[in-house]
Amino acid sequence: MPNKRIYTPFFILCFVSFFGFSQTETDSIPTTNDPLPAAISNDVVIDTIVRKPLNILAPAKAAFYSAILPGLGQAYNKKYWKIPIVYAAIGTGIYIYLDNDKVYNRYRDAYKSRLAGFTNDEFYGDGPTPKVSSEGLIRAQNTLRRNKELALLITFGLYALNIIDANVDAHLLQYNLDENLALKPHFKYNEQENSTDLGVTLNFKF
């Protein structure tokens, strides 16, 4: 009987100690559902910004399309509002060229007619003296020729500008500006001078 009284508390003490040790070991093992410790979570930076892959051929394609057909590169860049501007600019240059060419041909035909001995051209008139002299016809032809050349040069310049615009637009559409790179204004209170300072901060995150 005395032996039973000694062994019984001993077994109870061992059981309680084993249960407590098991409970402590179980509690110390982190589970997958537990949040990360504060010391670890503060050091972990998760980038949630989804960036689209860059298409390095997009600028070349836009320029090529605009070279084939003016305005097609702008349509490729989805800048549809620029298409009427492109056609209006190039169309104006072509119209000025054709209009000057038409008037130039009139003065040239009249001058050729006078060289052949005729006096019935539209610039001679019905009187004995011509409305426009032969020297005037020559000056008019020179002026109209320069206007034609200038209009043609401007038209080609606008055509080239249409290609450059499509190329630059395609480049700018791939320029990524997100929270990792930010330029923001800020106000800062100056305690020493009791005033507010205006500044700009440039933030860049790796």
Helices (runs of 4 or more DSSP H) lying entirely in region 46-123 (those with 1 or more residues that are over 43 Å from the mean Cα position of the chain (by Cα), surrounded by 14 or more Cβ atoms within 10 Å (Cβ to Cβ) and modelled with pLDDT of 95 or more): 82-115
Candidates Val200, Val132, filtered to the one that is more than 27 Å from Gly91 (Cα to Cα), of a type in the set (Val, Ile, Thr) and modelled with pLDDT of 70 or more: Val132
Test result for Tyr189, more than 34 Å from the chain's Cα centre (by Cα) and at pLDDT below 70: yes
Yes/no for Ile96 being under 30 Å from Gly71 (Cα atoms) and touching a Pro at 6+ places or on another chain (Cβ under 7 Å): no
Pairs, first over 15 Å from Arg146 (Cα atoms) in region 88-99, second modelled with pLDDT of 95 or more and outside any helix (DSSP H, G or I), C-beta under 8 Å, six or more apart: Ile90/Pro70
Unmet criterion (only one of (1) more than 30 Å from Ile56 (Cβ to Cβ); (2) surrounded by 14 or more Cβ atoms within 10 Å (Cβ to Cβ); (3) modelled with pLDDT of 95 or more) for Leu161: (1)
Residue in region 124-140 that is farthest from Ala151 (Cα to Cα), counting only those that are small (Gly, Ala, Ser) and assigned to a loop (DSSP other than H, G, I, E, B): Gly127
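The values are calculated or read from the model by the stated rules, or taken from the named source; none is laboratory data. All values reported here derive from a predicted model rather than from experimental measurement. Cβ coordinates were reconstructed from backbone atoms using ideal geometry, including for glycine residues, and neighbour counts include every protein chain displayed.
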